[in-house]
Amino acid sequence: MNKLVKIPVVAAGAGAGLFAVSIVVYYFNLDMRLIEALHPYLSKWYDHIERRPFNPPKEVF
Amino acid sequence: MGRKMNSQPLGTFYQGGKTKIRREWRGLTDTWYDYRCWVKNWGAMVKFLMHPQSIKGFFRYRWMLEYAAAPDFIDRCTEGLRGTQLRMAHTEFDFIVTEITRSLKLLFRGDRNIGGDPKLSEKMIAFDENMMEQLMWGFPNLYGMCVQVFGSFALVALSREGAVRYIDRAEEFGITGDVCTMPKAELGLCIEDDMPLVGKCILHANTTCDSSLMGNGIEDWRYQLPSYTIACAERVVDDLTREYTADEIRGAIRFIEEQTGEKWDWTAYFHNMKLYNDETRCYLEILEMNKTEYPQVPDNNYNLYRDLYYTRMLNAPSEAYREINRKIRDLMYEGYEKKALPCTEIRHRALVWGVQAEFYTNFSNWLLNCWGIVGVTHMLNLTSTEIYADEDTPENREQAIYDLADLYMKMIMRNRTEGGFSLGVDDVWRFCEEYRLDMIIMLEQMACKAVTTWHGIYEEEAAKRGIRVIWIPHALLDPRKADRQSMRDEVNRYMRTVLGEEPFDPSLETIADQNAW
């Protein structure tokens, strides 16, 4: 097939595939289900962040 | 299936997890519209993460993880809606998502905690919770950043448990358990060192809530920045206090000028006030429309958006709000011409009174979908509807200070809860009469001493007038003390036992969302 025809056809096919996948992700709420699955693991990341201690002088309160 | 409201059992979408098992089928047109908005919102979130400072901010602050639940938040806010109602909801909530991502990107660019630009940070003024930011209209080269919005207020709209850790930190520190959880969560953010560090200086509001009074000084210690408290009066019916508040406004302006070297710009101020007056006129049209048999912009569809444009807490440009208001107005008239209803059948027209617990709880949407109770208006919306001076003249320059004082005295939430009996109690009956309301959904925040002390008076006065009151105890940002189902159960019990009504959607009476965002 001529490249000038092939490229747009492949692009259209890829676009259609992406669209179909996005519809499935949207309808079955797969985006939020993925976030839900990752949430506990990502939460642990924040436990290891270095934080400044909190020692206000007594006269503050 | 799907084109009409209540055509699907929405409660069955919740199966005990953090999110629903699927999204709604709303008929081809409305589902296609919802899908396009979903793509757009994800686009906004991905665009936000394309910036290196945004990624640093995402991995530095624990609360940022909850913002990944933004699409779920939008799904909750649009649950059960169709037609113009769906479009209005998306217009507002998608705007909120876009503006929050824009504001967060700006915030992280200046955040000293993550190597942000110190020069940009010095152009920022850190604002206190729920405080009006109209002062920044006179400083077009500066940014007002209500830092607590992102780590606390907006966060809890998205995620039920977003503030729990910070509430616990504040209580471990010594703040008592019976005070408002909103300023408590903000203090917890400070204690946990989870607050972005931006700003040349801080402007505090003199919130009269106990935990805010306890927390402001402690937060100042963490910030280590010069601060000024706009100690405005909140007894808005007293003209003498307006003079006092005007002095506070002048003091705040002087403070910002001294700290930043910027000078107040009257041209910029009056330009923004002109647009703000247009927003107020749009809001007055909405209120008038809501008095009719076909209220088009009920509480669920307007409350949060009104909070944001009223206080300007996301520092979005005024022109952006004008565009959103134009779209809402067009949709409102389109819906009215079609005699569209916000739910299957309006069984009750209600005033939603009390401080908000309904964002993460999706409470107002649930009232519509389950019982046909339309929140015609909400206490937090009923703030100032004055048209202020917006032409630059010598007389108006003096008047502008009093206008700003008026706005600050009518700060969201507190003008009703702290502004005195006439605003907190008498006005309830006036609104019920004006909007032809037969019911009050009383959101009783357990730790809000102001409103809870009036409980008995509300009961007595409502009984005299034949207005039904459903009490919904809640703990604002702490879902452990009163969760979503306990709030819904109060309505379910009342509707079945007192009124003998059946729900439109029985699957919504008890929902397995105890773990949901």
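Table: residues versus (1) charged (D, E, K, R); (2) under 22 Å from B:Asn362 (Cα atoms).
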position	(1), (2)
B:Met439	no, yes
B:Thr453	no, no
B:Ile470	no, yes
B:Asp478	yes, yes
B:Asn492	no, yes
B:Arg496	yes, yes
*Kindly state which helices (runs of 4 or more DSSP H) lie completely within region B:13-121 and contain at least 2 residues that are at negative phi, among the β-branched types (Val, Ile, Thr) and free of Cβ contacts under 8 Å to residues at least 60 places away in the same chain.*
B:28-49, B:83-110
*Within region B:78-94, is there a residue that is in contact with a Ser or Thr (Cβ under 9 Å, 6 or more places away or on another chain), crowded, with 17+ Cβ neighbours inside 10 Å, more than 13 Å from every other protein chain (Cβ to nearest Cβ) and within 20 Å of B:Gly162 (Cβ to Cβ)?*
yes
*How many residues does region B:256-282 contain that are more than 28 Å from the chain's Cα centre (by Cα) and not hydroxyl-bearing (Ser, Thr, Tyr)?*
9
*Residue that is nearest to the other protein chains (Cβ to nearest Cβ), among those in region B:5-16 that are buried (at least 17 other Cβ atoms within 10 Å of the Cβ) and closer than 14 Å to B:Ala516 by Cα*: B:Phe13
*Report the residue count in region B:187-226 for those that are within 10 Å of another protein chain (Cβ to nearest Cβ), modelled with pLDDT of 80 or more and open to solvent by 30 Å² or more (accessible area, probe 1.4 Å).*
2
_Looking at A:Asn55, A:Asn2, can you tell me which residue is loosely packed, with under 12 Cβ neighbours inside 10 Å, within 10 Å of chain B (Cβ to nearest Cβ) and polar (S, T, N, Q)?_
A:Asn55
*Test B:Leu308 against the criterion of being aliphatic (A, V, I, L, M), part of a helix (DSSP H, G or I) and closer than 19 Å to B:His90 by Cα, and give yes or no.*
yes
*Looking only at region B:26-44, which residues are within 11 Å of chain A (Cβ to nearest Cβ) and touching a helix residue (DSSP H, G or I) at 6+ places or on another chain (Cβ under 6 Å)?*
B:Tyr35, B:Cys37, B:Trp38, B:Asn41
_Cβ-Cβ under 7 Å, sequence separation 6+ or interchain: first residue in region B:351-372 and without any contact (Cβ under 8 Å) to a residue 24 or more places away in the chain, partner crowded, with 24+ Cβ neighbours inside 10 Å and not in a helix (DSSP H, G or I). Which pairs?_
none
*Of all the residues that make up region B:46-66, how many are open to solvent by 10 Å² or more (accessible area, probe 1.4 Å) and at the interface with chain A (Cβ under 10 Å from one of its Cβ atoms)?*
5
*Working only within region B:464-484, note down all residues that are in contact with a strand residue (DSSP E or B) (Cβ under 7 Å, 6 or more places away or on another chain), open to solvent by 10 Å² or more (accessible area, probe 1.4 Å) and under 19 Å from B:Trp429 (Cα atoms).*
B:Ile467, B:Arg468, B:Val469, B:Trp471
*What single numbered condition from (1) out of contact with any strand residue (DSSP E or B) (no Cβ under 9 Å at 6 or more places or on another chain); (2) open to solvent by 10 Å² or more (accessible area, probe 1.4 Å); (3) touching a residue at least 40 places away in the same chain (Cβ under 8 Å); (4) closer than 30 Å to B:Asn396 by Cα fails to hold for B:Glu288?*
(3)
*In region B:163-184, which residue that is modelled with pLDDT under 90 and under 17 Å from the mean Cα position of the chain (by Cα) is nearest to the other protein chains (Cβ to nearest Cβ)?*
B:Pro183
*Can you pull out the residues in region B:113-131 that are within 17 Å of B:Arg254 (Cα to Cα) and open to solvent by less than 20 Å² (accessible area, probe 1.4 Å)?*
B:Met124, B:Ile125, B:Ala126, B:Phe127
*Taking the options B:Phe153, B:Phe139, B:Phe108, name whichever one is more than 30 Å from B:Thr31 (Cβ to Cβ) and at pLDDT below 90.*
B:Phe153
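The values are calculated or read from the model by the stated rules, or taken from the named source; none is laboratory data. Note that the coordinates shown come from a computational prediction; the quantities given were computed from them, not determined experimentally. As a convention, Cβ positions derive from the backbone with ideal geometry for all residues, glycine included, and neighbour counts pool all protein chains shown. Accessible surface areas use protein heavy atoms only, side chains included; no ligands, DNA or RNA. Shrake-Rupley method; radii C 1.70, N 1.55, O 1.52, S 1.80 Å.
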